[in-house]
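Chemist: I'd like to ask you about the structure that follows.
The values are calculated or read from the model by the stated rules, or taken from the named source; none is laboratory data. These numbers were taken from a predicted model, which means no experiment stands behind them. Counting neighbours? That spans all protein chains shown, and the Cβs are built from the backbone with ideal geometry, glycine included.
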Amino acid sequence: MINLKKIKEYDRVFLSILALASCLLLFRIGYRTLWMDETAVLLYLHASPVHFIIEYFKFPDNHPPLYYLLVVITLHILPWSEFAVRLVSVLAGLGIVTFVFIYTKHLLGKTYAYNAAFFTALSSYFVLISQTARYHSLAALLTFVVFYLTHQLVTTGYDRRYYRLFIVLYALVAWTDYPHFFYSITLTNATFFYYRLRRKTVFPIKKWFAAQMVVALTALPLVWLIYHRIVYQGDNGWGMSNLLGNSSSHILVGILFHIYSFFFGENILPWNNGALAGGGIVLVGGLAGLFLGIKRKIFPPMYIYSVVLFFSLIILNTLFFNIANPRYNFIVLPKYGFVAYPFFIITLIGALRVLPLRWRQACFIAWFGVAVFGLYNFYSTSNYLNGSYFNTFRSMEYTRDNSREGEYVAITGNLNQGVYRFYKEKYFYKLEAVLPEQFNTLPAHARLWFFSTGSDDLFTTHSTDASVPAGYTIVKQYDSVPLDPTLKKLKEKILHRQSYTYKYSVFLLEKNK
């Protein structure tokens with residue numbers, strides 16, 4: 001078992017990798033705007049940590065409060081900025097890089113631990129999720145360590161320090177993200193009972209159940225939050241549940257798309273032939289190495305555990321969202337099961353290790369090329385699958401430069417009260433904020449700045465101008481984040497309907513007489 005207290009031999013190579021990860025995570029961290037889901041945390045920044053907890057339990061979000069609380073605390077220490085809002089996720093991302101190194105070093109040795117940490121940090125998808133002001137990287141880090149501790153406790157027996165750490169982190173997962181907590185419950189118990197039934201564990205069953213009970217009691221208040229969200233707030237998301245889920249083809253594509261996202265990221269499209277060919281070499285090499293290693297029985301049990309966890313997680317994540325809320329497009333699913341990402345890296349590194357040296361070197365070179373291409377596109381906010389993440393401040397700058405005193409700005413889901421407060425002094429200082437219920441009360445010829453988002457779900461397409469309120473005429477319009485033309489045609493062919501052209505628009509509207 002790894003003694004975490006004695007891990008002090010972070011040599012220069014690992015520290016260099018960690019420094020690289022820090023640079024990649026901090027570079028241009030404030031270049032992209034906070035997209036819609038990220039802006040949820042801005043609604044809480046006016047509150048003190050204590051006031052936030054009180055307010056949250058009165059009117060909960062559809063996610064547990066731990067991540068929000070950490071951001072609120074951070075913003076009471078640091079000046080308000082995109083850096084401060086995203087810092088918790090960045091630190092969790094660095095934690096993932098660190099623990100991938102620790103985990104892989106224990107499993108495959110120091111050389112492959114360097115490789116695993118390096119390629120973890122170099123992934124544009126990893127940088128995207130770890131720069132996002134959401135709970136995904138924090139939930140992944142906590143759950144990753146919980147799975148490691150599960151294996152260690154089950155295979156080596158009871159250790160008081162690790163047992164207590166397991167309980168604490170397990171409970172923190174519950175207070176960070178519901179899906180990751182569900183995956184933790186399912187797979188930690190599956191691991192324990194698998195070893196128990198095969199009589200390969202000496203861990204006491206009473207202590208295992210005691211841990212489950214402690215975590216369940218700790219998470220009990222979350223039941224109230226979910227109940228409140230459904231019954232009193234009428235959360236439509238929970239009402240979308242469907243035990244039949246989507247079609248089997250949608251589920252299969254969703255599972256495979258986890259692998260695509262984890263390797264290629266959001267900024268390499270399927271018709272980027274060079275990157276796709278390079279990535280194909282790596283993935284085929286990894287698949288060959290995996291089969292070869294299994295056939296020769298050369299993989300250690302902990303590696304097999306990691307591989308099983310990876311495939312179990314992407315299957316569970318896909319099934320969970322296909323049942324819990326089938327409206328979710330498969331493109332967004334991987335971030336909700338982000339804990340599978342470090343296991344993907346470990347699986348691929350371990351599989352490539354089996355290949356002959358020249359093949360292995362060729363795969364690593366190809367992987368490096370794909371990763372650099374993805375990072376280049378990511379930082380230049382180009383060549384994206386999901387435009388939601390790649391808006392810049394041009395629309396806000398357009399609003400600031402073209403607005404006048406006496407005009408209004410609409411407070412909607414696309415520009416909520418938190419965003420308005422966060423950027424008021426910089427972009428909206430000329431404008432008065434109004435809510436949708438006030439639109440009809442504004443005087444004739446009143447001018448209203450209105451932010452809108454285009455989207456496609458499984459059932460409906462929403463163009464940016466579709467949400468312009470009735471009784472208003474468009475005077476000016478600024479569009480940003482265009483959909484890739486090939487991607488647009490592909491989506492229209494799959495969905496059998498027109499798709500939107502621009503992801504984001506800001507309109508200057510004038511009220512009719």
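Chemist: Residues that are assigned by TED's automatic domain parsing to the domain that holds Leu483 and buried (at least 21 other Cβ atoms within 10 Å of the Cβ): list the helices (runs of 4 or more DSSP H) wholly contained in the range 338-408 that include at least 1 such residues.
Modeler: Here the list reads 394-402.
Chemist: Being under 14 Å from Leu225 (Cβ atoms) and not in a helix (DSSP H, G or I) is the filter here; which residues of the range 39-93 pass it?
Modeler: If the condition is that a residue be under 14 Å from Leu225 (Cβ atoms) and not in a helix (DSSP H, G or I), then Phe59, Pro60, Asp61, Asn62, His63, Pro64, Pro65 are the ones that fit.
Chemist: Just checking, how many residues over the range 134-156 are surrounded by fewer than 24 Cβ atoms within 10 Å (Cβ to Cβ) and aliphatic (A, V, I, L, M)?
Modeler: Counting residues in the range 134-156 that are surrounded by fewer than 24 Cβ atoms within 10 Å (Cβ to Cβ) and aliphatic (A, V, I, L, M) gives 3.
Chemist: Restricting to the range 288-335, name every residue that is part of a helix (DSSP H, G or I), more than 18 Å from the chain's Cα centre (by Cα) and charged (D, E, K, R).
Modeler: Lys295, Arg296
Residues checked against (1) crowded, with 18+ Cβ neighbours inside 10 Å; (2) under 23 Å from the mean Cα position of the chain (by Cα):
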site: Phe182; (1), (2): no, yes
site: Phe193; (1), (2): no, no
site: Ala210; (1), (2): no, no
site: Val214; (1), (2): no, no
site: Leu222; (1), (2): no, yes
site: Arg229; (1), (2): yes, yes
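Chemist: Related question: Starting from the range 139-152, keep only residues that are without any contact (Cβ under 8 Å) to a residue 40 or more places away in the chain, then list their pairs with residues that are hydroxyl-bearing (Ser, Thr, Tyr) and not in a helix (DSSP H, G or I) whose Cβ atoms are within a distance under 9 Å, requiring at least 6 positions of separation or different chains.
Modeler: Short answer, once both residue conditions are applied: Leu142/Thr176.
Chemist: So, one more: So Phe52 passes all but one of these: (1) crowded, with 18+ Cβ neighbours inside 10 Å; (2) modelled with pLDDT of 90 or more; (3) closer than 26 Å to Tyr389 by Cα. Which condition number does it fail?
Modeler: In the conditions (1) crowded, with 18+ Cβ neighbours inside 10 Å; (2) modelled with pLDDT of 90 or more; (3) closer than 26 Å to Tyr389 by Cα, Phe52 misses (3) alone.
Chemist: If you don't mind, another one. Of all residues in the range 68-121 being in contact with an Asp or Glu (Cβ under 9 Å, 6 or more places away or on another chain) and farther than 21 Å from Leu20 by Cβ, which is surrounded by the most Cβ atoms within 10 Å (Cβ to Cβ)?
Modeler: Among those that are in contact with an Asp or Glu (Cβ under 9 Å, 6 or more places away or on another chain) and farther than 21 Å from Leu20 by Cβ, it is Tyr68.
Chemist: Would you confirm whether or not the range 209-224 contains a residue that is at pLDDT below 90, of a type outside the set (Asp, Glu) and not assigned by TED's automatic domain parsing to the domain that holds Phe321?
Modeler: Yes, the range 209-224 has at least one match.
Chemist: Within the range 250-273, work out how many residues are at pLDDT 85 or above and farther than 20 Å from Thr486 by Cα.
Modeler: Result for the range 250-273: 9.
Chemist: So, one more: Tell me, yes or no, whether the range 416-427 has at least one residue that is outside any helix (DSSP H, G or I), hydrophobic (A, V, I, L, M, F, W, C) and either more than 30 Å from Val253 (Cα to Cα) or in contact with a Ser or Thr (Cβ under 7 Å, 6 or more places away or on another chain) (or both). Before you say what the answer is, go through the steps one by one.
Modeler: Step one: of the range 416-427, the residues outside any helix (DSSP H, G or I) are 416.
This time we only want the ones that are hydrophobic (A, V, I, L, M, F, W, C), so: none.
No, every residue in the range 416-427 fails to be outside any helix (DSSP H, G or I), hydrophobic (A, V, I, L, M, F, W, C) and either more than 30 Å from Val253 (Cα to Cα) or in contact with a Ser or Thr (Cβ under 7 Å, 6 or more places away or on another chain) (or both).
Chemist: Here's a check for you: in the range 34-49, which residue that is at pLDDT 90 or above and of a type in the set (Gly, Ala, Ser) is surrounded by the most Cβ atoms within 10 Å (Cβ to Cβ)?
Modeler: Ala40
Chemist: While we're on this one: Within the set of pairs 6+ apart or on separate chains, which have a first residue in the range 101-118 that is modelled with pLDDT of 95 or more, a second that is assigned to a helix (DSSP H, G or I) and surrounded by fewer than 20 Cβ atoms within 10 Å (Cβ to Cβ), and C-beta atoms under 6 Å apart?
Modeler: These pairs meet every condition: Thr104/Tyr112; Tyr114/Val13.
Chemist: Could you please let me know if Phe422 is more than 20 Å from the chain's Cα centre (by Cα) and closer than 30 Å to Gln498 by Cβ?
Modeler: Considered against the rule, which asks whether it is more than 20 Å from the chain's Cα centre (by Cα) and closer than 30 Å to Gln498 by Cβ, Phe422 comes out as no.
Chemist: Condition (residue is among the aliphatic types (A, V, I, L, M) and under 21 Å from Asn62 (Cβ atoms)) applied to the range 147-165: is it met by at least one residue?
Modeler: So far as the range 147-165 goes, no, none of its residues is among the aliphatic types (A, V, I, L, M) and under 21 Å from Asn62 (Cβ atoms).
Chemist: Among the residues in the range 245-258, are any of a type in the set (Phe, Trp, Tyr) and within 20 Å of Leu490 (Cα to Cα)?
Modeler: Yes, that holds for at least one residue.
Chemist: Can you spot a residue in the range 241-249 that is surrounded by fewer than 18 Cβ atoms within 10 Å (Cβ to Cβ), small (Gly, Ala, Ser), at pLDDT below 90 and in a loop (DSSP other than H, G, I, E, B)?
Modeler: Yes, the range 241-249 has at least one match.
Chemist: Just one of (1) hydrophobic (A, V, I, L, M, F, W, C); (2) part of a helix (DSSP H, G or I); (3) surrounded by fewer than 19 Cβ atoms within 10 Å (Cβ to Cβ) trips up Val282, so point out which.
Modeler: (3)
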